[in-house]
Each structure stands twice: as structure tokens, then as C-alpha cells.
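Laboratory data are not the source of any read-out in this text; all were calculated from the coordinates shown. All values reported here derive from a predicted model rather than from experimental measurement. Here the Cβ positions follow ideal geometry from the backbone for every residue, glycine too, while neighbour counts run over all protein chains shown.
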């Protein structure tokens, strides 16, 4: 999977991106996004990078709705999946001892990707 995803073509020029849309950086009120925290890494990046939040937060049906609501192309969505795969693999090992909840987030995201 990693070999296939890392060979994807660019989906366009870099845009301003948060770069770390994990659940801990999102504020939700009444089931809706109310705010975003930790903008210290905000800067130019692949526009698909912020799609990792879909993989961290949403199961298949809501993820499908989000994808179609955003109008993502197949390449954009696949690049978002690649970023989510890369980030979740890192979360699993990097936080295994120091932050088990973040490590578990990585595991659950990996499972969503593998199940898709």
C-alpha cells in the first residue's frame, strides 16, 4: 500500500495548511467543528495533508460524505490517505510509551485505512 501511495502524482500547488489536524487539535460543539488549535505548523503544504482528519475522526459513511461534499478528486483523496497512513504509522511507534492515547489513535487510523 505504501509503495503505491508514495508514487501518486501531485494534485496541484501547495496551499496554506494546518498540517496537524488530529482530534486533539479540533474543538467540537454540538457535533460540529467549532475551532482548530495548535496553528504553530501552519504553512504551505500539499492540500491533501489536511484530509488526514477524515481518517482520524470518521468512519466509512461520514468519510464518504465528507469526501463528496469537498469535491475531492481521486488523486487528492488518495494523497490524503497517503498522508494519513504516514502520520498514523508515526503515531503508533513514537507515542507508544509516552502517550498511549496518541499511539492508539494511530492504530485506529491505520485500521480505517486498511479496512477501506
Report which label in (i) 1.03; (ii) 0.98; (iii) 1.43 holds the value of Cα Rg over 2.2 N^0.38 Å derived from the coordinates of this structure.
(i)
Using only helices, what value at 222 nm comes out for the chain when you add -39,500 (n - 2.57) per DSSP H run of length 4 or more and divide by the total residues, to the nearest 500 deg cm²/dmol?
-15500 deg cm²/dmol
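So how do 7, 76, 86 line up by other beta-carbon neighbours within 10 Å, fewest first? List each step's numbers first, then the result.
Values: 7 8, 76 19, 86 15.
Going from sparsest to densest Cβ surroundings: 7, 86, 76.
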